[in-house]
């Protein structure tokens, strides 16, 4: 937080100094816009993580949607659901996030897990996945450097951060029956149903 405040003060101080130089002013404007996108994207990430904090009272959720930028109504979820979304989320990251968040689901059975990803996007992690992982997972997948940058998503992945900040969710998804075996087995053992959508 202190680093972010320092950057904001620096941008404010530089503005008067570069007001007479068009190129520098353009550069300043771009940096300020990127900072704004970063703050909105980071806020959306924090909001998605907050239901899983120890202080949260949200429990026994019926449906957990872990996805790319999909409009939740496409899945049929209307009430009693949580959505964890980020642009470009892979199938691998969906499953890893599920392993860290499934305790929020209804432990009496009947809970549904929904993955929604772009077709062919099966592997990889992004800065938007990091807040859901603990240190062991970060070490396992070699993500510790990405962890250090997770507070600055717009500087790591500007286009994805803009899409997250804008909150634009697609509707051109279709449900498929070919479920990933590892995730399907994980859900089956815990009494969850698993559905998958792709575009």
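The values are calculated or read from the model by the stated rules, or taken from the named source; none is laboratory data. Computed from a predicted model, the values in this text were never measured in an experiment. All Cβ positions, even for glycine, are placed from backbone atoms using ideal geometry, and neighbour counts span all protein chains on display.
Every residue in the stretch 166-182 that is surrounded by 12 or more Cβ atoms within 10 Å (Cβ to Cβ), in contact (Cβ under 8 Å) with a residue 60 or more places away in the chain and within 19 Å of the chain's Cα centre (by Cα), please.
Hits for the stretch 166-182 are 169, 170, 173.
Which of the residues belonging to the stretch 73-99 are without any contact (Cβ under 8 Å) to a residue 40 or more places away in the chain and either in contact with a strand residue (DSSP E or B) (Cβ under 8 Å, 6 or more places away or on another chain) or on the phi < 0 side of the Ramachandran plot (or both)?
73, 77, 78, 79, 80, 81, 82, 83, 90, 92, 93, 97
List the helices (runs of 4 or more DSSP H) that sit entirely inside the stretch 149-191 and contain at least 2 residues that are under 20 Å from residue 130 (Cβ atoms) and out of contact with any strand residue (DSSP E or B) (no Cβ under 7 Å at 6 or more places or on another chain).
Values: elements: 153-156, 158-166, 181-189.
Result: 153-156, 158-166.
Out of 163, 105, I need the residue that is within 26 Å of residue 30 (Cα to Cα), surrounded by 14 or more Cβ atoms within 10 Å (Cβ to Cβ) and in contact (Cβ under 8 Å) with a residue 60 or more places away in the chain. Which one?
That would be 163, the only listed residue that is within 26 Å of residue 30 (Cα to Cα), surrounded by 14 or more Cβ atoms within 10 Å (Cβ to Cβ) and in contact (Cβ under 8 Å) with a residue 60 or more places away in the chain.
Do we have residue 125 as modelled with pLDDT of 95 or more and in contact with a helix residue (DSSP H, G or I) (Cβ under 8 Å, 6 or more places away or on another chain) here?
So residue 125 passes the test.
Go through (1) modelled with pLDDT under 95; (2) under 25 Å from residue 167 (Cα atoms) for residue 97 and report which single condition fails.
The number of the failed condition is (1).
Does residue 157 satisfy the condition of being at pLDDT 90 or above and within 24 Å of residue 104 (Cβ to Cβ)?
On the way: at pLDDT 90 or above: yes; within 24 Å of residue 104 (Cβ to Cβ): no.
The answer is no for residue 157.
Is it the case that some residue within the stretch 117-129 is in contact (Cβ under 8 Å) with a residue 12 or more places away in the chain and part of a helix (DSSP H, G or I)?
Initially, the stretch 117-129 is screened for residues in contact (Cβ under 8 Å) with a residue 12 or more places away in the chain, giving 117-119, 121-129.
Now narrow it down to the ones that are part of a helix (DSSP H, G or I): none.
Within the stretch 117-129, none of the residues are in contact (Cβ under 8 Å) with a residue 12 or more places away in the chain and part of a helix (DSSP H, G or I).
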